[in-house]
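The values are calculated or read from the model by the stated rules, or taken from the named source; none is laboratory data. Because the structure is predicted, anything quoted here is derived from the model rather than measured. Cβ atoms come from the backbone with ideal geometry, glycine included; neighbour counts cover every protein chain shown.
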Amino acid sequence: MTPIPVFLDTSVLPQHPAHLGIAFKRLCQLTDHGLVQVYLSNVAVQEWGSHLQEQFLEDIRKACASVRRCLRHPWSAEIQGFEAITSANRGLDCAIGEAPQIAKCKVRELIEQMKAEVLPVRGHHGETVLQAYFEGSRPFQRPRSKEDFPDAFIFQCATDLAKELGSCLHCVVADKTLAKSLSQAGGAEVYNSIKAFVQSSPVLQAAWEQESERAWQATLEQLKPSLPALEGLLSETLEHLVEEQYGTLISHPGIPSDIGEAMVTGIYEPENLVFEWQDAENFGVGLVALPFSFECDAEIEFWVYRGDAYSVPEGVWVDFGDPEENVYFEAGARIRLSIQGNVALRFKPDQPLKGKQPFPVEISAEVAPHLTVVRKTTEPRVI
């Protein structure tokens, strides 16, 4: 069987190595079985690698700043483990230098997991992209739109590949402008996520021809009724997931910052946790996605314009500064969040049960891209 060709854009690739997602795992499984061939533009690889590297470096820089702030405190020398803190500071300094190479190696490993073929920028792409740039033709949104330059090279790689294959190329693109351009160019079937692709009819049909896939489906039907026995174990997993939301940016029209965004600076235990057992979804051999939802209280902080600081919504506190010197004041609130997502379970296909209990060999969780603000939970506080 000829593998199904799929071209991935930067916008659908995992944005954090700790949260690759069950759809990415399924994609790698499909490539392992020779059912799918992944293609990436070298430009997409560079964009993706640059993002993951900068993300890694930013985490290390934040750690450095926190440790150094602790070392500068006049009481820190009295800490019993002060030498360990000093050693950590030196280690983090070294880590900043090592991080770029580590990131590059890890990105290569992820590409190898997908067994992806990386397509180079070809000689004629530059001239074609430059012409489209001045004309405002696909994929540029308008003439001289500089922000579309990377997508223009990715677009050229995809259209060249579609012509060479002479058959339908499956393109996975979350960026609406690039997706529209590829659809209009012809020769491509466009999906907005890896999940949509791995659950598409062509992929499911190809997978169903594999005996291992059919055997797993039968096993899963026997497994589903016993999944609720995992509730305690899965609840512990989600408690760790809640902690990871610290530092997350959230958006809501009720947040009185310029762009309606705030950072989560404190988050509390999940409440009203619900697992949708009946909606457990087969993602491939040994892979199950279980939807969940819960609510939790959270502290958020943001910057409010000085002209708006005296008329903020109920429940928002403001740290008033000097309006003649400070254009923005620090502000925050305690809110109620609604969080939804999926728990990804991986079982050994040949031994999915241990006695009468399901026994996953791996558990991970991921939340939906947007956290929903349910309501505010505190009265206003003015400092």
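Per-residue answers, yes or no, for (1) in contact (Cβ under 8 Å) with a residue 24 or more places away in the chain; (2) among the aliphatic types (A, V, I, L, M); (3) surrounded by 12 or more Cβ atoms within 10 Å (Cβ to Cβ); (4) in the same structural domain as residue 317 (by TED's automatic domain parsing):
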position	(1), (2), (3), (4)
233	yes, yes, yes, yes
243	yes, no, no, yes
255	yes, yes, yes, yes
259	no, yes, no, yes
271	yes, no, no, yes
295	yes, no, yes, yes
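Looking across region 2-19, the residues that are out of contact with any Pro (no Cβ under 7 Å at 6 or more places or on another chain) and assigned to a strand (DSSP E or B) come down to 5, 6, 7, 8. Per the conditions (1) farther than 30 Å from residue 39 by Cα; (2) surrounded by 12 or more Cβ atoms within 10 Å (Cβ to Cβ), the sole criterion not satisfied by residue 111 is (1). With respect to being of a type in the set (Ser, Thr, Tyr) and modelled with pLDDT under 90, residue 193 falls outside the description. Of the strands (runs of 3 or more DSSP E) that lie entirely inside region 117-197, those containing 1 or more residues that are among the hydroxyl-bearing types (Ser, Thr, Tyr) span 188-191.
Among the residues of region 58-107, count how many are more than 29 Å from residue 248 (Cβ to Cβ) and surrounded by 13 or more Cβ atoms within 10 Å (Cβ to Cβ).
Filtering region 58-107 for residues more than 29 Å from residue 248 (Cβ to Cβ) gives 74-84, 86-87, 90.
Remaining after also requiring surrounded by 13 or more Cβ atoms within 10 Å (Cβ to Cβ): 76, 79, 82, 86.
So the answer is 4.
Under the condition of being of a type in the set (S, T, N, Q), under 30 Å from residue 27 (Cα atoms) and assigned to a strand (DSSP E or B), the residues counted in region 255-309 number 2.
Residue count for region 276-303 under the criterion of being out of contact with any Leu (no Cβ under 9 Å at 6 or more places or on another chain) and under 25 Å from residue 195 (Cβ atoms): the result is 4.
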